[in-house]
Amino acid sequence: MDKEEIINTVRLRIKENHIDSSLEGKSVGEILTKFGLIKGDQLLNAAIVLFAKDPGSEYIQCMIRMARFKGLTKEIFIDSKQSFGHAFFLLNEAENFIRRNTAVSGKIVPGKMKRVDEPRQITKFDGTRT
């Protein structure tokens with residue numbers, strides 16, 4: 001189990017007031033029990049999918065394939081990536097892939113100390129914008 005991810009998840013959820021602060025400082029076993037991810041002394045499949053460092057090949061839901069294609073067909077891809085891991089890792093990988101493959105434009109706004117970056121709108125062939 002990815003103990004660091006479990007602890008970070010608990011801290012974040014406490015900070016956002018989504019779970020009770022009484023879980024702060026508890027052991028990983030106590031946290032997983034509180035989340036209902038342990039039955040008896042066995043980890044449930046949900047615990048593996050959420051927090052296992054190496055879920056194993058039998059957990060195909062712990063794999064994500066991402067691709068950026070050239071044009072509107074899937075004939076040529078510009079970037080692709082396959083990742084395997086727990087759900088929080090996959091979410092982070094997908095977010096990074098999207099950021100890496102999303103055009104960004106920036107502008108300087110008078111009176112602001114930082115540049116403002118925004119995803120660039122792309123005009124499709126039919127004239128609509130995304």
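What follows is calculated from the coordinates using simple rules that are stated; it is not laboratory data. On a predicted model such as this, the values are computed, not experimentally measured, just so you know. For neighbour counting, all protein chains shown are included, and Cβ atoms are generated from backbone atoms with ideal geometry for every residue, glycine included.
Beyond a 24 Å Cα-Cα separation, which of these cross-linked pairs lie in this structure: LYS15/LYS114; LYS70/LYS114; LYS3/LYS34?
Checking Cα-Cα distances, LYS15/LYS114; LYS70/LYS114 exceed 24 Å.
Please compute one quarter of the surface area of the Cα convex hull for the stretch 3-51 and express it in square nanometres.
3.2 nm²
Farthest toward the dipole's positive end in the chain, which of MET113, LEU23, GLN61, given Cβ charges of +1 (Lys, Arg) and -1 (Asp, Glu) about the Cα centre?
MET113
Would you mind calculating the gained length between ILE78 and ASP117 on full extension (0.36 nm times residue separation, minus the Cα-Cα distance), in nm to one decimal?
11.7 nm
For the chain, what relative contact order do you get, as a whole percent, if you take Cα pairs closer than 8 Å and at least 6 residues apart?
This gives 15 percent for the chain.
Measuring from centroid to centroid over Cα atoms, what is the spacing of the stretch 30-74 and the stretch 98-116 in Å?
What the calculation gives is 34 Å, centre to centre.
Per DSSP H run of at least 4 residues, take -39500 (n - 2.57); add these up for the chain, divide by its residues and hand me the 222 nm value, nearest 500 deg cm²/dmol.
Computed mean residue ellipticity for the chain: -9500 deg cm²/dmol.
To the nearest 10 degrees, how steep is helix 3-15 against the longest Cα principal axis of the chain, on a 0 to 90 scale?
Once rounded, the angle reads 80 degrees.
Compute the long axis of helix 87-100 from its Cα atoms, compare it with the longest principal axis of the Cα atoms of the chain, and write down the angle in degrees, 0 to 90, nearest 10.
10 degrees
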